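Only one structure is covered here, and it is reproduced in the block below.
Each value in this text was obtained by applying a stated rule to the coordinates, not by laboratory testing. The structure displayed is predicted, hence computed values, not measured ones. Neighbour counts run over all protein chains shown; Cβ positions are idealised from the backbone, glycine included.
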Amino acid sequence: MSAEAKQPPIVMAFTGASGAPYGVRLLEQLAAKGRDVQLIVSSHGLRLLKTETDIGDVAGLRAAVGAKAWDAHVTTYDDADRGAGPASGSAKTSGMVICPCSMGTLASIAAGTSRSLVERAADVTLKERRPLVLVPRESPLSAIHLENMLRLTRAGAVILPASPGFYHKPAAISDLVDFIVARILDHLGVENTLAPRWGEAAH
């Protein structure tokens, strides 16, 4: 068993914001690298998966990630079950990522309302001082959005907008997706070579 696989799981959530391809690629990478994932998909997140990737259910997501890696490393939880493992601070994790993260989810986390398992797990991640990475894609941003992001940043979260760079000269949409996923993996402490770093040759 690899050293990475022995680490506590990473909590990951899909919510109802555009950007589902980022989440699918991130989940695929985490599972392929042997990282255990506690996965929560909100009802709106599932709707966006269908709209943007033609993945209509969790079974489809399993197929996209790869059945072998999924079965070995991915555990799913119902977003309505606020008593599930990710809702407790005593359950160790390596942090949490919400990708994509809707502005409604972001606002609820900023307010500490914990109306769902996604929101409660994020609240727990903050209170336990673990990494929390939120990946919004909304544009433009209102003052309310910005204030909520600032509040969460001050609380310890990382706001990582799905805004890919172009200095690596992307040749396909997948290159843009990998640019963002690589940054997310960096903030979760997961080694990767998905995208060239500044000063490296573009692939």
Would you please give the residues with an amide H less than 5 Å from that of V97, counting only those at least 5 places away or on a separate chain, with H modeled from the backbone geometry? V11, M12, A13, V133
In whole Hz and in residue order, list the ³J(HN,Hα) couplings for region 35-42 that follow from phi through the Karplus curve 6.51 cos²θ - 1.76 cosθ + 1.60, θ = phi - 60°; x for Gly and Pro. 8, 6, 10, 9, 9, 10, 10, 6
Can you pull out the trypsin sites (Lys or Arg not before Pro) in region 133-203 that DSSP calls coil and that have at most 11 other Cβ atoms within 10 Å? R197
Among D36, D178, D71, residue whose mean-square fluctuation peaks in a GNM of the chain (springs only between Cα atoms under 10 Å): D71
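Ranked highest first by average number of other Cβ atoms within 10 Å, how do 15-24, 42-51 line up?
Taking the mean over residues of other Cβ atoms within 10 Å, the ranking is 15-24, 42-51.
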Along each of its three principal axes, how wide is the spread of alpha-carbon positions in region 1-104, in whole angstrom units, largest first? 36, 28, 19
Convert each backbone phi in region 114-128 into a coupling constant with the Karplus relation 6.51 cos²θ - 1.76 cosθ + 1.60 (shift: θ = phi - 60°), then list the ³J(HN,Hα) values in order as whole Hz, x for Gly and Pro. 6, 7, 9, 5, 4, 5, 5, 4, 5, 4, 5, 4, 5, 5, 8
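Expressed as a whole percent, how much of the Cα-Cα distance distribution for the chain exceeds 28 Å?
21
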Scalar couplings 3J(HN,Hα) for region 131-141 by Karplus 6.51 cos²θ - 1.76 cosθ + 1.60 (θ = phi - 60°), nearest whole Hz, x for Gly and Pro, are x, 10, 10, 10, 10, x, 10, 3, 7, x, 9
Taking DSSP loops as anything outside H, G, I, E and B, show the longest stretch in the chain free of GluC sites (Glu not before Pro) there with at most 12 other beta carbons within 10 Å. 1-190
Using the basic label-point model (7 angstrom from Cα toward the beta carbon), what is the T113 to S174 distance in nanometres? 3.9
Could you check the simple spin-label distance between E147 and R82, using points 7 Å along Cα→Cβ, in nm with one decimal? 2.4
